[in-house]
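The structure under discussion appears below in the form of structure tokens.
The values are calculated or read from the model by the stated rules, or taken from the named source; none is laboratory data. Keep in mind it's a predicted model, so treat the numbers as computed, not measured. Methodologically, a virtual Cβ is constructed for each residue, glycine included, from the backbone with ideal geometry; neighbour enumeration extends over all protein chains shown.
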Amino acid sequence: MPWTITAAALHAALTDGGEIALVDVREQGAFSKSHILLAANIPLSRLDLDAAWLVPRRGVRMVLCDDGSDYAARAAGVLESAGYSDVSVLEGGISAWAVAGYELFSGVNVPSKAFGEFVEHAYHTPSIDADDLKSLIDREANVVVLDSRPMDEFRRMSIPTGTDVPGGELIHRAREVVTDENALVVVNCAGRTRSIIGAQSLRNAGLPNEVVALRNGTMGWHLAGHAVETGRSREAGCGPVSAASADWGRAAAARLAERFQVPTVDTATLAAWQGDESRTLYLLDVRDPREFAAGHRPGSRNAPGGQLVQATDEYMATRNARVVLLDDTGVRATAAASWLIQMDWPDVAVLAGGLDGGPLETGPAPQPELPAAREPAAITAEDLKARLGEDGVLVIDFANSLDYRDGHIPGAYWAVRARIAELTDHLPAASTVVATCPDGRLARRAAADMAERMGMEVLVLDGGTAAWQAAGGAMATGLERMTGEPDDVFFKPYDNTDGIEKAMQAYLDWEVALVEQMERDGTLTFAVYPELPEG
């Protein structure tokens, strides 16, 4: 049995300044309904895939929690087998936390969302409502709309005339798009957080234009009855910027570094920290993913700056760890560091020289995994196409329920890996079982789990459902063969198939209320930095 910790002891641990990784191991949908503020969500289903990079130091103080089920205890066994040496479980789960008088939060990425609301209040970030912006656009006023989301979100829905400039790129690339200092600059996202942070980023950087956030983002635009665009791909670009933009960006970064006291470290210090087994280190490259893939420092991981601020808990699960940010010029790293420092990350620095000092690696960063007990045999997409439809051939898809709904192999059943023990009650008899998921990684682990429980060989689809599609395999949609409740993923308002407007309004109301609830919680505080004096 793992060690346990009481709610009171955990609350004290979260505020003692030491490194701690509080991990909620339930599925994301269940986590989003009610969780502890500073808990990172690493579902038991994905623990052996994601823990190694979200909680990289095996000796860190680690607390696991659930809703009083056996998930945390099972997760502790997985982690201890992989060499994590200081693992405990919250006694009584999140219910005991609430009984002790502490706050529980709904939603995901809550610290970052609450921070966005804090920034608006603390710095009085100005905003414009959808109707006023629509009027300006209709009369072709001098206005520039910058969408601070990644391109996949921009394509899904965007404001007419908007240009995609992800939040971490805004200071680096704004002068490429904003060529007239008299133009009104409007920054938007889907809701509120990245609109506020993006607008305030440009204001902190000293952009000479008037800069405002679009109040409530594209959701507010939609709720006001205005049409969004879909399928657009306008962007500020990728790669080097003009000399004028680069000069302005460096000057802006210098102002940010001075105002927010952003330290730098050299490569010798970084090397010493990388060899220090007593502290956790996150080395994060905050550039555009395409730039990262073209060449990055060995040992770094990609965390685009805007998304790092928007969803910090998805990149770093150990609180009070050392964080070193880097890019090619220091502009984007300094901007992201300035926000993390205000978000109560106490040990953040920018790597001087960024990409200098040695050969670079290309492609995506390796995805470290905890050791697997066994590797299942694989079946190719072509072989599965030939056999699909035969009696006794059964495909089980371990994608999240949203991805399964939007596309899966015809006839495939949907399942949650952490609930494999319950599968036999929902599946027909089979002579051949094939596990899949979008990229095949989770399915490999699930196939091994199923083989152990079912006493038969379970194959994994080589390359996952993506390989099936690449081979020309047909796809089905809908939630048609479910082996349980689809409570595994948090649905954004626009992921719903009905009641979208009601969900949007509820989401926006939830964001606004976070600051007050966070103050009641007391485990996280944000800092306000005064503006630099003129001259």
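Go through the residues of the range 106-125 one by one and say whether even a single one is in a loop (DSSP other than H, G, I, E, B) and charged (D, E, K, R). No, that holds for no residue. Do we have ALA470 as under 30 Å from GLU258 (Cα atoms), touching a residue at least 60 places away in the same chain (Cβ under 8 Å) and small (Gly, Ala, Ser) here? No. For the range 153-168, the count of residues that are modelled with pLDDT of 95 or more, over 25 Å from the mean Cα position of the chain (by Cα), part of a helix (DSSP H, G or I) and more than 25 Å from MET343 (Cβ to Cβ) is zero.
Without any contact (Cβ under 8 Å) to a residue 40 or more places away in the chain and closer than 27 Å to GLY83 by Cβ, is that true of ALA272? In short, yes. The range 1-70 holds strands (runs of 3 or more DSSP E) entirely within its bounds, and those carrying 2 or more residues that are aliphatic (A, V, I, L, M) and closer than 18 Å to ALA96 by Cα map to 21-24, 62-65.
Condition (residue is of a type in the set (Val, Ile, Thr) and either in contact (Cβ under 8 Å) with a residue 60 or more places away in the chain or farther than 27 Å from LEU214 by Cβ (or both)) applied to the range 506-515: is it met by at least one residue? Yes, the conditions are met somewhere in the range 506-515.
Collect the residues in the range 478-514 that are hydroxyl-bearing (Ser, Thr, Tyr) and farther than 15 Å from PHE398 by Cα, keeping them in residue-number order. Outline the logic, then answer.
Going residue by residue through the range 478-514, those that are hydroxyl-bearing (Ser, Thr, Tyr) are 483, 494, 497, 507.
The answer is TYR494, THR497, TYR507.
Considered as a group, the residues in the range 489-521 that are farther than 17 Å from ASN216 by Cβ and polar (S, T, N, Q) include one that is surrounded by the fewest Cβ atoms within 10 Å (Cβ to Cβ), and that residue is THR497. Can you spot a residue in the range 329-337 that is surrounded by fewer than 24 Cβ atoms within 10 Å (Cβ to Cβ) and in the same structural domain as VAL265 (by TED's automatic domain parsing)? Yes; the residues of the range 329-337 include at least one that is surrounded by fewer than 24 Cβ atoms within 10 Å (Cβ to Cβ) and in the same structural domain as VAL265 (by TED's automatic domain parsing).
For the range 174-195, the criterion of being surrounded by 14 or more Cβ atoms within 10 Å (Cβ to Cβ), polar (S, T, N, Q) and in a loop (DSSP other than H, G, I, E, B) is met by no residue.
Run down ALA243, ALA251, ALA224 and say which single residue is farther than 16 Å from VAL331 by Cα, among the aliphatic types (A, V, I, L, M) and either surrounded by 15 or more Cβ atoms within 10 Å (Cβ to Cβ) or out of contact with any Lys or Arg (no Cβ under 6 Å at 6 or more places or on another chain) (or both). After applying the criteria, what remains is ALA224. Taking the numbered list (1) assigned to a loop (DSSP other than H, G, I, E, B); (2) under 22 Å from the mean Cα position of the chain (by Cα); (3) among the aliphatic types (A, V, I, L, M) in turn, VAL323 passes all entries but (1). Out of the residues in the range 459-486 that are within 18 Å of ALA415 (Cβ to Cβ) and among the charged types (D, E, K, R), which is surrounded by the fewest Cβ atoms within 10 Å (Cβ to Cβ)? If we take residues in the range 459-486 being within 18 Å of ALA415 (Cβ to Cβ) and among the charged types (D, E, K, R), then GLU485 is surrounded by the fewest Cβ atoms within 10 Å (Cβ to Cβ).
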